[in-house]
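Please read the structure below before turning to the comments.
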Amino acid sequence: MRIIQPINKKALAIATISFLLGTILLLFYLISQSSIVADIGFFYVIIATILNSITFIGLITNAMINYQYYRENLTTILLVILNIPVTLGYITIAINNPLQNFFAS
């Protein structure tokens, strides 16, 4: 599928960057066990939530205005929303930390 609308391109870029940064922070936390990285991750989740929420509102508005591109709009909205369960899963992994004893010195 080809993305035509600029807002959808920007939203997909934001969702992709949010996913990649969150993944990198989670992996770094699991390996380092650093409370500083945990704090950075916590603030990152807050910032990413605000940014993705604003993006989501823009996408919903765009979907109502440009309803003729409904397939593109719905696909973009679903991909942005997909970050929610990923984030919740990452938080669960960070809290339970299955690698806690693996990297312990």
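Which value in nm describes the separation of the simple spin-label points at residue 51 and residue 95, placed 7 Å from the Cα toward the beta carbon?
If labels sit at residue 51 and residue 95, their model points lie 2.4 nm apart.
What are the membrane-span-like helices in the chain by this rule: whole DSSP H runs, Cα extent along the axis at least 20 Å, mean Kyte-Doolittle hydropathy at least 1.0? Intermediate values should be presented prior to the final figure.
Details: long enough: 6-32 (38 Å, 1.57); 35-65 (45 Å, 1.80).
Within the chain the helices that satisfy the rule are 6-32, 35-65.
With 10 angstrom as the radius, rank 37, 80, 86 by how many other C-beta atoms surround their C-beta, starting from the fewest.
On the way: 37 19, 80 22, 86 15.
Least crowded to most crowded, the residues run 86, 37, 80.
What is the ratio of the Cα radius of gyration of the range 6-96 to 2.2 N^0.38 Å, with N the residue count, to two decimals? Kindly include the intermediate steps, with their values, before the conclusion.
Working: Rg = 14.8 Å, N = 91, 2.2 N^0.38 = 12.2 Å.
Cα-based Rg divided by the globular estimate yields 1.21.
Report the longest stretch of the chain that contains none of the chymotrypsin sites (Phe, Trp or Tyr not before Pro) sitting in a DSSP loop with at most 15 other Cβ atoms within 10 Å.
Values: sites that count: 102, 103.
In the chain, the maximal stretch lacking such sites is 1-101.
Every number here is computed from the coordinates shown, using simple stated rules; none is lab data. None of the values given here were measured: they were computed from a predicted structure. When we count neighbours, we look across all protein chains shown, and the Cβ atoms used for this are built from the backbone with ideal geometry, even at glycine.
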